[in-house]
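Chemist: One structure follows; several queries about it will come next.
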Amino acid sequence: MARLEELQSAVADIFSSRWASRTGQVVPDPEDLRLGNDVVEFDRATVLYADLQGSTHMVDSEPWWRSAEIYKTFLHCAASIIRDEGGAITSYDGDRVMGIWIGKRQTTPAAIAGLKINFAVQNVINPAFRRQYPDISLEVKQVVGIDTSAIRAARTGVRGGNDIVWVGRAANYAAKLTNLNSEERTWVTEDAFNRLADEAKLGGPMKQLMWKKFRWSQQGDMPIYGSTWWWNIT
């Protein structure tokens, strides 16, 4: 079969086939899903995206090996924190990592993970970078986006080269929040904020609110919350 015919047949089959769905209890691996229209449904999941800010400028202005070191240190710290807080790492995409939490307790550990990633960047990565390269003025910065919603997992791609795609608002909004460029390093939607336990809302000896309310102009002025705080890693 010619390639064009194969693509036409595959696309027609995807659009016309009925979906087989089941309720999920754990984050699936790609092998748990068929390549056809097979989906695992979650009533609610919390998604975190952690993204390096300014990476395009960095790769244009820095040697490749220095950019690679920054990518590796950031992704190592972010992924380790996501796992420590009970999240599952679902994908790496260049300079970003996606984590997902399911179950009864999910938004609070996701928010704590975001605040810990801020700590790691400011108190682990940047100090180590300055020690190694004292004459380089570059500062590593990150943005973390978090949302919670119903979500579905489906397997996509071709045999020998496929992965899981997460379909739902949480995955989309969490990724889009990382495009925000401001002093705040961690962002949550209002739905996620309203589900946070006080331990993830209030910080410091005076139990101050760690989050400031904003309007997300790129998304119809929906309410979101941003934080400049970090959570100490011991």
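Chemist: Would you list which aspartates and glutamates come within 16 Å of LYS141, measuring only between C-alpha atoms, while excluding same-chain residues fewer than 8 positions from it?
Modeler: ASP51, GLU62, GLU69, ASP95, GLU183, GLU184
Chemist: Going by how many other beta carbons lie within 10 Å of each one, how would you line up TRP216, TRP231, TRP19, fewest first?
Modeler: TRP19, TRP216, TRP231
Chemist: Restricting attention to the stretch 126-196, which GluC sites (Glu not before Pro) occupy a DSSP loop and are surrounded by at most 13 other Cβ atoms within 10 Å?
Modeler: Of the GluC sites (Glu not before Pro), the ones in loops of the stretch 126-196 whose Cβ has at most 13 other Cβ atoms within 10 Å are GLU139, GLU183.
Chemist: Still on this structure, I have one more. So, counting K/R as plus one and D/E as minus one, what does the shell of residues with Cβ under 12 Å around ASN181 add up to?
Modeler: Here the count lands on -1.
Chemist: Now for a separate question. Under a plain spin-label model, where a point goes 7 Å from the Cα along Cα-to-Cβ, how far apart in nm are GLU6 and MET222?
Modeler: That separation, rounded to one decimal, is 3.9 nm.
Chemist: In nm, give the distance between the simple-model label positions of LYS176 and ASP135, each being 7 Å from the Cα along the Cα-to-Cβ direction.
Modeler: 4.5
Chemist: Net charge within 15 Å of GLU62 by Cβ-Cβ distance, Lys/Arg positive one each and Asp/Glu negative one each, not counting GLU62 itself?
Modeler: Here the count lands on -1.
Chemist: Using a cut-off of 14 Å between beta-carbons, work out the net charge of the residues near THR23 (Lys and Arg +1, Asp and Glu -1, THR23 not included).
Modeler: Neighbourhood net charge equals -1.
Chemist: Taking the beta-carbon count within 10 Å as an exposure proxy, list LEU177, LEU52 from fewest neighbours to most.
Modeler: LEU52, LEU177
Chemist: Here are some pairs, LYS104/LYS207; LYS176/LYS212; LYS72/LYS212; LYS72/LYS201; LYS176/LYS213; which of them have Cα atoms lying more than 23 Å apart in this structure?
Modeler: Pairs exceeding 23 Å: LYS104/LYS207; LYS72/LYS212; LYS72/LYS201.
Chemist: Could you rank the peptides 106-114, 39-47, 88-96, 203-211 by their average count of other C-beta atoms within 10 Å per residue, with the highest value first?
Modeler: The packing order, highest mean first, is 106-114, 39-47, 88-96, 203-211.
Chemist: Go ahead and estimate [θ] at 222 nm for the chain from helices alone: -39,500 (n - 2.57) per DSSP H run with n ≥ 4, summed, over the residue count, rounded to 500.
Modeler: That comes out to -10000 deg cm²/dmol.
All of the numbers you see were taken from the coordinates with simple rules; none came from a lab. Nothing here was measured: the structure is a model prediction, and the numbers come from that model. Cβ atoms come from the backbone with ideal geometry, glycine included; neighbour counts cover every protein chain shown.
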